[in-house]
Amino acid sequence: MCGIIGYCGPKPAAAVILEGLKRLEYRGYDSAGLCIYSDGRFHIIKRTGKIRDLRNSVPPLLKGDFGIGHTRWATHGEVNNVNAHPHTDCDDRIAVVHNGIIENYVSLKEKLKSEGHVFQTETDSEVIPHLIEKYYSGDLEEAVKEALALLKGTYGIVCMHIDHPGKLVGARNGSPLVVGIGNGESFLASDVTAIISHTKQVVYLEDGEVANIDADDFRTTDLRDQVIEKKVELVSWELEEIEKDGFVHFMEKEIFEQPESVKRAMGGRIEPDLATAHLGGLNMSNKDLLNIERVRIVAAGTSFYAGMVGAYLLESIARIPCTVEISSELRYRNPVVERNTLHFAVSQSGETADTLYAMRELQRKGATVLGICNVVGSTIARESDGGVYIHSGPEIAVASTKAFTSQVTVFYLFSLLLSRMRHMSYEEGVDFIQNLQSVPVKIEQILMNNQAIRNMAVKYSHFKDFLFLGRGINYPVAMEGALKLKEISYIHAEGYSAAEMKHGPIALINEETPCLFLVPDDGLKEKIISNMREVKSRKGKIIAVAVEGDSEITEISDDVIEVPRMKECFYPLVMVVPLQLFAYHCAVELGRDVDQPRNLAKSVTVE
Ligand code: AGP
């Protein structure tokens, strides 16, 4: 979704901003723009398309030591140069970049127009510079605060005024914003990725906070001008982690990182002597954990599917009733919060608006909500009552891969912890840990089949529709596989329970609709084989992800991707990997923009 960077300092601002915007590309965008103050005036350049198009339009000699930039993911108004940010007031003396949605922009715009303001764009964001213009009488920060007080909706903004060279004012309400503190330079950005090559020292703004920065200093207040002392934090990851490191795409790199990222998710959290897990950030005593009678998981997209695997584990391993819900639905259905129910908000980015608002709604009703997040310092991570970081490192590709396996790994750990407090014996705990610890090596074995999976993707990528079918704990994996395929290759795919196929989707089966079956050697294998035969007898093509050496499956299937044999409940962690690779290679074969698929954003910060 939209990205922001602002810069004050001695370096050429245009170069810093263009580099930051390039690093924000992964969030998803359709146009970009910047405003640089140079030679006593604003230079505003905006372009649809990629950052390279914007870069090509910026005069090489444009220097300037402060400015702002933005990547826009259109919500209000079509994708064109005019609607791209920054937006300005009537006299082009104030420039603003905005993330989020101003819900009352129509009435504000009408009022401003009636007062003589002239608008250029169809966006909701343009009301902000006009409101600042209206309230400006020499003090930019004061005018910003007066303007913000009138806005309904969400915003992360940064603005600059031609009469205040070297100063930027930023504010947040529902859209993330961080201050970066460098050596004689300062930044404002929607995420640290944009500024990590310059500084690792950051201050995370909270909703309702305003930051005033110049090259040497920053000051934070609330909207009523009360000074807020903020803690300077250190970003823990390295610049190399957001580079491609020899891979063609970030998605490919992130798929291949999974043996390591799964290990990191477990790192320091297993207690071999006690055959249990230790999750330090839960903020819960053993007594609290023992009192849990139910678990509810809320999430969106891939995180939702990880939550579904988690729910299956918590019920089958820990024997604790567990439900999982799409966060956008939960928020608006007035959910009942029961006593002794623990809630999880699962989110890679920690900024997904649907999940954040669902979490706040649950907390408002008195629920304890733990976060399972990747991005350290993200809003969900900060506002949750405790939680677990998955420590995957930055996930840059829009399609989530390593976050899924790490989120699921955390659910294995949590299930182990709760089970060992209840019915699971020491010996069973040891066995569980050994199986979990074997996962990274098993993922490595699957990654060695990359070329064979690629060949299969080449063979199947011209099909227009796919069904992904699984059962039990692998049913959410089938849905995750279908999501991966559709989001990056734009091939239509649906994930279903294999058993549910006969209740409708079987009508789709013919030679043009391949079915990808997940067939572990578990208690449901024979049932799945029956479903495969139903497809076969209707001339449907079958790809199976099955256990190595399973001749029965090889005989029914057109193609087989083999995975190593595992203990039943651990299959999701390995079964998903070939599906990620299959989707990836289909997308490459079709010439898609793998890391930034059309219409999608990495962190969906609007409802
Ligand atoms: C995953 O490939 C998707 N891009 C998307 O479904 C994503 O998982 C969803 O938007 C939730 O994001 P989050 O984990 O950051 O909350």
Which of the residues spanning region 161-181 are touching a Gly at 6+ places or on another chain (Cβ under 9 Å), hydrophobic (A, V, I, L, M, F, W, C) and surrounded by fewer than 24 Cβ atoms within 10 Å (Cβ to Cβ)? ILE162
Could you identify the single residue in GLY77, GLY64 that is more than 21 Å from ILE195 (Cβ to Cβ) and small (Gly, Ala, Ser)? GLY77
Only residues in region 272-297 that are free of Cβ contacts under 8 Å to residues at least 24 places away in the same chain and under 16 Å from GLU338 (Cα atoms) count as the first member; pair them with residues that are surrounded by 15 or more Cβ atoms within 10 Å (Cβ to Cβ) and among the aromatic types (Phe, Trp, Tyr), Cβ under 6 angstrom, at least 6 apart or cross-chain, and list the lot. none
Here's a check for you: in region 480-527, which residue that is basic (Lys, Arg) and away from the ligand (no atom under 16 Å from the Cβ) is farthest from GLU555 (Cα to Cα)? LYS502
Would you call SER419 within 15 Å of the ligand (Cβ to nearest atom), touching a helix residue (DSSP H, G or I) at 6+ places or on another chain (Cβ under 9 Å) and either among the hydroxyl-bearing types (Ser, Thr, Tyr) or at pLDDT below 95 (or both)? no
For region 278-307: of the residues being away from the ligand (no atom under 16 Å from the Cβ) and in a helix (DSSP H, G or I), which is modelled with the lowest pLDDT? GLY280
Looking for something within 19 Å of TYR37 (Cα to Cα) and either touching a residue at least 12 places away in the same chain (Cβ under 8 Å) or surrounded by 17 or more Cβ atoms within 10 Å (Cβ to Cβ) (or both) - is there at least one such residue anywhere in region 97-108? yes
Kindly evaluate HIS198 against the criterion of being part of a loop (DSSP other than H, G, I, E, B) and either hydrophobic (A, V, I, L, M, F, W, C) or without any contact (Cβ under 8 Å) to a residue 60 or more places away in the chain (or both). no
Does at least one position in region 31-38 carry a residue that is modelled with pLDDT of 90 or more, among the small types (Gly, Ala, Ser) and over 17 Å from ALA601 (Cα atoms)? yes
Extreme residue, nearest to GLY69 (Cα to Cα), among residues of region 174-209 that are touching a Lys or Arg at 6+ places or on another chain (Cβ under 6 Å) and hydrophobic (A, V, I, L, M, F, W, C): ALA194
Restricting attention to region 98-121, does a residue exist that is part of a loop (DSSP other than H, G, I, E, B) and basic (Lys, Arg)? no
Go through region 318-336 and report how many residues are touching a residue at least 12 places away in the same chain (Cβ under 8 Å) and either in contact with a strand residue (DSSP E or B) (Cβ under 8 Å, 6 or more places away or on another chain) or over 14 Å from GLU293 (Cα atoms) (or both). 12
From LEU112, LEU62, which residue is surrounded by 17 or more Cβ atoms within 10 Å (Cβ to Cβ) and either more than 21 Å from PRO129 (Cα to Cα) or touching a residue at least 24 places away in the same chain (Cβ under 8 Å) (or both)? LEU62
Restricting to region 37-69, count the residues that are among the small types (Gly, Ala, Ser), part of a loop (DSSP other than H, G, I, E, B) and within 27 Å of the chain's Cα centre (by Cα). 1
So is TYR571 modelled with pLDDT of 95 or more, more than 27 Å from LEU24 (Cα to Cα), surrounded by 24 or more Cβ atoms within 10 Å (Cβ to Cβ) and not assigned by TED's automatic domain parsing to the domain that holds SER190 or not? yes
Within region 437-445, does at least one residue satisfy the condition of being touching a Pro at 6+ places or on another chain (Cβ under 6 Å), within 16 Å of the ligand (Cβ to nearest atom) and modelled with pLDDT of 95 or more? no
Could you check region 142-154 and list, in sequence order, the residues that are touching an Asp or Glu at 6+ places or on another chain (Cβ under 9 Å), assigned to a helix (DSSP H, G or I) and surrounded by fewer than 19 Cβ atoms within 10 Å (Cβ to Cβ)? GLU142
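The values are calculated or read from the model by the stated rules, or taken from the named source; none is laboratory data. Predicted model, so just to flag it, every value in this text is computed and none were measured. With ideal geometry, Cβ positions are generated from the backbone for all residues, glycine too; neighbour counts draw on all protein chains shown.
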